[in-house]
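Comments concern the structure below.
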Amino acid sequence: MNIGEASRASGVSQRMIRHYEAIGLIPKAARRESGYRDYDERDVHTLRFIARSRDLGFPIEEIGKLLALWRDRSRASAEVKALALARIEELKKKERQLAEMRRTLEHLAKTCQGNDRPDCPIIEELASG
């Protein structure tokens, strides 16, 4: 299948497929005589694996590690679990940061009169940083 078909089958954009090839996350696709990339079901399965990993918040470097572990049938599941637990901690940290950002914005929005006057604690807070 060509890159458009692989994109539709995997849910990964053509641009990202090319990017993943360029950075070595996936091997470069075989080329047809016409020069078009040629993908098979294994490639699509790998792209779906990457997409699901991205959906769960794994960065590219960790996805590379997960792909290597996925391909290694003698892997220790402890390695996979360690990556997942580390990602959970990062997500918890981001969750706390987002909650703090939301609370700050809610406070600033409550203190802003929202009228025709130029005084605005939101702008003042942004300018003071």
Q. In region 14-52, which GluC sites (Glu not before Pro) fall in coil by DSSP and have 16 or fewer other Cβ atoms within 10 Å?
A. 33
**Q.** Mean projected area (nm²) of the alpha-carbon convex hull when the chain is viewed from all directions
**A.** 12.7 nm²
Q: Would you mind checking region 1-34 for residues with the amide N under 16 Å from a putative spin-label position 7 Å along Cα→C-beta of residue 55?
A: 7-13
Q. How far is helix 77-111 tilted, in degrees, relative to the longest principal axis of the Cα atoms in the chain, given as a value from 0 to 90 rounded to the nearest 10?
A. 30 degrees
Q. Within the chain, which is the longest segment containing none of the trypsin sites (Lys or Arg not before Pro) that sit in a DSSP loop and have at most 11 other Cβ atoms within 10 Å?
A. 74-129
Q. Do you know the Lys pair count in the chain for C-alpha distances under 23 Å, with sequence separation 8 or more or different chains?
A. 8
Q: Rounded to the nearest 500, what is the 222 nm mean residue ellipticity of the chain from helices alone, with -39500 (n - 2.57) per DSSP H run of 4+ residues and division by all residues?
A: -22000 deg cm²/dmol
Q. Which number comes out as Rg/Rh for region 53-103 once both Rg and the Kirkwood Rh are worked out on C-alpha atoms?
A. 1.11
Q: Leaving ligands, DNA and RNA out of it, report the carbon-plus-sulfur percent of the accessible area of the chain at a 1.4 Å probe.
A: 53 percent
Q) If you average over every viewing direction, what projected area does the convex hull of the Cα atoms of region 83-129 give, in nm²? A) 4.1 nm²
(Q) Using a probe radius of 1.4 Å on heavy atoms only, what accessible surface per residue do you get for the chain? Whole Å² is fine. (A) 73 Å²
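The values are calculated or read from the model by the stated rules, or taken from the named source; none is laboratory data. What you see is a predicted model, and the numbers here were worked out from it, not measured in a lab. Cβ coordinates were reconstructed from backbone atoms using ideal geometry, including for glycine residues, and neighbour counts include every protein chain displayed. All accessible areas refer to the heavy atoms of the entire protein, side chains included, with ligands and DNA or RNA removed. Shrake-Rupley method; radii C 1.70, N 1.55, O 1.52, S 1.80 Å.
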